[in-house]
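Structure first, then comments.
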Amino acid sequence: MGKLFQKFVQLDSGASRKYGGTGIGLAVTKQFVELHGGTISVESKFGSGSTFNILMPVKAKKQELT
């Protein structure tokens, strides 16, 4: 779960790998959500699937561009 939001990470590093990498979609989503002052979390139950929760502020904080 700790690697879930990282770009192009193999979740299963074994020689008989059953699962692919996470790609870039969740990493980009996390970055987009956080840039807007929100948070993303995941709850997962083996065999039942995963639920992703995104919380976004009603009013964004002003950020200075550097």
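Listing for the model above:
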| item | result |
| --- | --- |
| Where 45, 59 fall by accessible area, highest first, once all protein chains stay in place (1.4 Å) | 59, 45 |
| Point-to-point label distance, residue 43-residue 6, nm (Cα→Cβ direction, 7 Å offset) | 2.6 |
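The values are calculated or read from the model by the stated rules, or taken from the named source; none is laboratory data. No experiment lies behind these values; they were computed from the predicted model shown. With ideal geometry, Cβ positions are generated from the backbone for all residues, glycine too; neighbour counts draw on all protein chains shown. These accessible areas exclude ligands, DNA and RNA; they are computed on the full protein's heavy atoms, side chains included. Shrake-Rupley method; radii C 1.70, N 1.55, O 1.52, S 1.80 Å.
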